[in-house]
Amino acid sequence: MKFDTPATALNPIDQQKVIGRSHDRIDGPAKVTGTAPYAYERNGMAPNAAYGWIVGSAIATGRIVSIDSRDALAAPGVLKVVTYENAGKLAKAKNHTAHMLAGPMVEHYDQAVALVVAETFEQARDAAKMVRVQYAQGTPKADLAAQKDSAIKPKGGNPDTAVGDFAGAFARSAVKVDSTYTTPDQSHAMMEPHATIASWTGDKLTLWTSNQMIDWAVGDMATTLMIPRENVRVDSPFIGGGFGGKLWVRSDAVMAALGARAVGRPVKVTLARPQIMNNTTHRPATIQRLRIGAGKDGRIDAIAHEVWSGDLEGGSPETAANATRLLYRGENRMTSHRLAVLNLGEGNAMRAPGEAVGLLALEAAMDELAEKLNMDPVQLRIVNDTQFDPEKGESRPFSSRKLVEALKVGADRFGWSKRNPKPGQVRDGQWLVGMGMASAFRDNVTMDSGARVGVDSKGLVTVETDMTDIGTGTYTIIAQTAAEMMGVPLEGVVVKLGDSRFPASAGSGGQWGANSSTAGVYAACMTLRTQLAQKAGFNADATFADGKITSGNRSVSLGEAAGPTGTVVTDKIEFGDLSKKYAQATFGSHFAEVGVDMATGEIRVRRMGGAFAAGRILNPKSARNQVIGAMAMGVGAALMEDAVPDPRFGYFVNHDMAEYHVPVHADIPKQDVFFLSELDEKSSPMKAKGVGELGICGAGAAIANAVYNACGVRIRDYPLTLDKVI
Ligand code: MOS
C-alpha cells in the first residue's frame, strides 16, 4: 500500500476500540517469569554450541605484527583460535566504519583480533589471555578539543546550511548570546549485552542474536561474509535494550559466525560490559558553539549552531545542529557539522542522535538569551515558534506542530508560574532549589514496513513481521493494531517478531519503529479484509467487529470467512514524498526542579514534567514508559554519563557500570508525562508519529537550566557534576 496522500478520511484505526488505549505489554508475563528467550539463552536452538571469547586489540591504532596462538590452542577445551590469518576473506559492510575483525591494521582499541572457541565459556575466556599479539603501535588521537582545528567538512549528509545573512544580522542584533557547550562521549548502556549464537547448516547461516534492525543485519552479515543474502537467517525475538547500539551487527555476530564456521558446530559469543563500551560504538563527544541574536521583543533575527565531533576515519558526524534547523524562527541562520578523526572506536547513533545532545546546547543557550532579555523562558520559545521549516520557508509547513500548546500545558501542569526568575533565591534547608525548562524536538522519520497477517479457521489472527521489540512495547501495539483492524479482541491476536523469515519491516531505530511498523500491519490488514470480505461474498462496505464480518443483516465469522485452511496475506506500507512536502517532527516541553546542596554542590532532581505532541498515541501506557525512560536518560546526560577517554591510549577508562554512571530509580523521584491530543494525517494511516526518542530531547537542558536557576552557576560542560558547581 502506497501512502502518498494524507489520511484525511476516517479509517478502521480511528475506531480506537483497542488502539489508542493503555494495555499492559502482552510480552510482560514472559519477561518477568524469565521465559522470554533472549539471544544468549537460546541453547535449545543449538544444544551442542561451543563458546567463543573475543580477544580485543590492546592498542588503538597501528598494526598487528604477529599473533601466537600456540599456548591458547594447548589450553584445556580449546577448539580453535580464529584470527584474520585464518578467518577467510571478509568484506566491510557499508553500515560499519570499523572492520569487525582487525588485521593486519588495527582501527581502534578492543577491536576484535581473535576469537577463542572452547568447550566452555570459562575455558574460552581463560585461553584468550594466552593469545600473544605483537603490535606496531601508532599514536592515537583521542581528544576532540585537541583535534578540533583539524576537523573537516564531512562528505555525506547535509553538513552545512545557511539562509540569509547570519553574520550581518547577528552583529546588528539588540541582544546576543555566544556560548560554547561541550558534551562527552556516552555509552548506550543497554541492559542486555550484545550476544549471538551462530550456526551453519552447509552454507546457510543462522544467527540467534540481539539486534534492532533485522533486515540490515541480514544484509550486513551477507556482505561481511561475502555470501548470498538468502543464506543468512537472523532471529531476534526479544532484545534487552539497544538505544542504537544494536542498530547494526557487531563483533559478537560476525565472530560467532566465523567461529562456528571454523569449528563446524554452533558457537555462542557475548560481549562483556567493557567490550560493549570499547569494542562496539558510542555517542561521540561534541563541542557546540551557539550564537543567537534577538530583538528586544525576543524574536530571533540570527541563529548559528556550529558542531564539532570525532569519529574513525571515514565515519560520520554527530548531527547536533539538526534541531536548530527546524525548531525556531529567524531569517538569518547557519549550521555546520565538522568531523575530526579520532581513534576512539566507532562513533554512532545513540538514542536521538543529533537532537539529544544538540538540545543540551541550543536549549541552554535559549535560557541564557531569556535571561539577557529579562523574559520568561517559556514565553521566549512561544514568540519564536514557526509553523514552517525556517530554512525552506512557507512552502514547507510542518505536518503537525503543537510546540506552543506543549509549552503552555507543560508549564501549567508543572506550576512554572511559581518559579523565581532570579537565581539562588529559593532555599529548602541545605538545598538551593531551582526550576528550568526546555523545548523537546525530534524528527519524525517514516520507513517502509511489511507484515504478513493471517486468520485461521477458528478466527485467530496471526501477525508476522521482522519488526523488533527492544523493550518498547512493539508486540503490544502491533497486536492492538491487528485487533482493531480485524475486529477482534487483543487476546485474539498472536504476534511473531524479529525473524528474517518474516516480511522485512521498518525495524527499531530513530523513533520510526512504532508508527512505521504498525502502518505496515495496517496495510496487510486492509488487504486481508478485502480478501476475507470477497471470500464471504461481501461488498466493500462490510464491517469487521466482534470476530465477525457484517453487512446489512448478514454476518459471517472471521474463521468461517478464512476457510478451513485459513487466509494469509503479505503487504507493506510504502511511504511516498509526504515527508518531503512537509517537515515532520515531534514536539514537547520539559520542566525540571532540582536541588543543589549549598555545601557540597551535589545536584538532586526533585521532579520532572512535560507535555508531548507525537500524533496519535498508540498505547498511552507504553508511550509513557518510553518518555519516562528517555527523560531519565536525559538526567543521565545532564548529570552523570561521561565515558572518559585516556588520550594516551585511546580507550574509555570507565568501561563498566560501576564507573559509567546512569540514573537509578533513587535519582528519579517524580515524572509527570502528558500527551497532547493530536492526529497527524500526513505521517501515516495510523496518524501517529514516533515517541521513543522525543523524551530525551531537551530533558537534560531543562535540568541544566534548573541548576542555574537554583544556584546561579552556568555550567556549559556536560555532565554537570558537583566539582563544576563549586
Ligand atoms: Mo536509535 S539511536 O536510531 O536506536
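Since every read-out is calculated from the coordinates, none of them should be taken as a lab result. Given the structure is predicted, the values throughout are model-derived calculations rather than measurements. In this analysis, Cβ positions are derived from the backbone assuming ideal geometry, glycine residues included, and neighbour counts consider all displayed protein chains.
Taking every full run of DSSP H in the chain, the ones that stretch at least 27 Å from end to end by Cα along their long axis and average -1.0 or higher on the Kyte-Doolittle scale are 513-535, 620-639.
In this simple spin-label approximation, Asp723 and Met1 carry label points 7 Å from Cα along the Cα→Cβ vector, and these lie 5.6 nm apart.
For region 210-309, what number results from the quotient of the Cα radius of gyration and 2.2 N^0.38 Å?
In units of the globular-protein estimate, region 210-309 measures up at 1.67.
For Val644 and Arg604, the FRET efficiency from 1/(1 + (r/R0)^6), where r spans their Cβ atoms and R0 equals 22 Å, is about 0.45.
Show me the ranking of peptides 569-577, 145-153, 548-556, 277-285 by mean Cβ neighbours inside 10 Å, starting with the highest.
Packing order, densest peptide first, comes out as 277-285, 569-577, 548-556, 145-153.
Using a cutoff of 8 angstrom between alpha carbon atoms and counting only pairs six or more residues apart, the relative contact order for region 550-610 works out to 21 percent.
In this structure, Val653 and Glu331 have a Cβ-Cβ separation that, at R0 = 45 Å, corresponds to a calculated FRET efficiency of about 0.45. Annotation: amide H-H contacts under 5 Å for Thr586 (H modelled 1.01 Å from N, sequence separation of 5 or more, or interchain): Arg442, Asp443, Asn444.
Computed from the C-beta positions of Ala171 and Asp672, the FRET efficiency with R₀ = 41 Å rounds to 0.45. Based on the convex hull around the alpha carbon atoms, the chain presents an average projected area of 31.9 nm². Note on the chain: antiparallel DSSP beta bridges, both residues inside, total approximately 75 percent of the bridges counted. Computed from phi, the 3J(HN,Hα) profile of region 303-318 under the Karplus parametrisation 6.51, -1.76, 1.60 (θ = phi - 60°) reads 9, 9, 9, 10, 10, 10, 8, x, 7, 4, 3, x, x, 10, x, 7 Hz, with x in place of Gly and Pro.
Restriction of the trypsin sites (Lys or Arg not before Pro) in region 150-221 to DSSP coil positions whose beta-carbon has at most 16 other beta-carbons within 10 angstrom yields Lys155. For region 1-62, the calculated P(r), taken from all Cα-Cα distances in 10 Å bins from zero up to the bin holding the longest distance, is 13, 19, 18, 21, 18, 11, 0 percent. Checking the Cα-Cα distances for Lys621/Lys670; Lys372/Lys724; Lys17/Lys548; Lys496/Lys580 against a 26 Å cut-off, the pairs over it are Lys496/Lys580. The eigenvalues of the Cα gyration tensor, multiplied by 5 and square-rooted, give region 446-488 an equivalent ellipsoid with semi-axes of 20, 12, 10 Å from largest to smallest.
The amide H of Asp110, built 1.01 Å from its N in the peptide plane, has Ser57, Ala58, Ile59 as neighbours under 5 Å, considering only residues 5 or more places off or on other chains. Holding the Cα-Cα limit at 31 Å, pick out from Lys148/Lys246; Lys31/Lys408; Lys94/Lys204; Lys89/Lys148 the pairs that are longer than that. Beyond 31 Å: Lys31/Lys408; Lys89/Lys148. How would you classify region 299-436 from its alpha-carbon gyration tensor, with a ≥ b ≥ c the square roots of the eigenvalues: rounded for a/c under 1.5, else prolate if a/b is greater than b/c, otherwise oblate? Here region 299-436 falls in the oblate category.
If the only charges are +1 at each Lys and Arg Cβ and -1 at each Asp and Glu Cβ, what is the size of the charge dipole of the chain around the Cα centre, to the nearest 20 debye?
Dipole about the Cα centre, nearest 20: 560 debye.
Let's test this: bin the Cα-Cα distances of region 465-571 at 10 Å from zero up to the farthest pair and state each bin's percent. Spelled out bin by bin, region 465-571 gives 15, 45, 28, 11, 1 percent. Phi angles of region 276-293 translate, via the Karplus equation with coefficients 6.51, -1.76, 1.60 and θ = phi - 60°, into HN-Hα couplings of 4, 7, 10, 7, 9, 9, 8, 7, x, 5, 9, 10, 9, 9, 10, 10, 10, x Hz per residue; Gly and Pro are given as x.
Using C-alpha pairs below 8 Å separated by at least 6 residues, the relative contact order for region 596-660 is 17 percent.
Summarising the overall dimensions of region 545-650 from its C-alpha atoms, the Rg and Dmax are 25.5, 80 angstrom. Couplings 3J(HN,Hα) for region 228-241, derived from phi with the Karplus relation 6.51 cos²θ - 1.76 cosθ + 1.60 (θ = phi - 60°), are x, 3, 5, 8, 10, 10, 10, 10, 8, x, 9, 9, x, x Hz, where x marks Gly and Pro. Which percent of the Cα-Cα distances in region 572-726 go past 19 Å? Result for the distance tail: 60 percent. Secondary-structure-derived ellipticity at 222 nm for the chain, considering helices only, amounts to -7500 deg cm²/dmol, per-run term -39500 (n - 2.57) for DSSP H runs with n ≥ 4.
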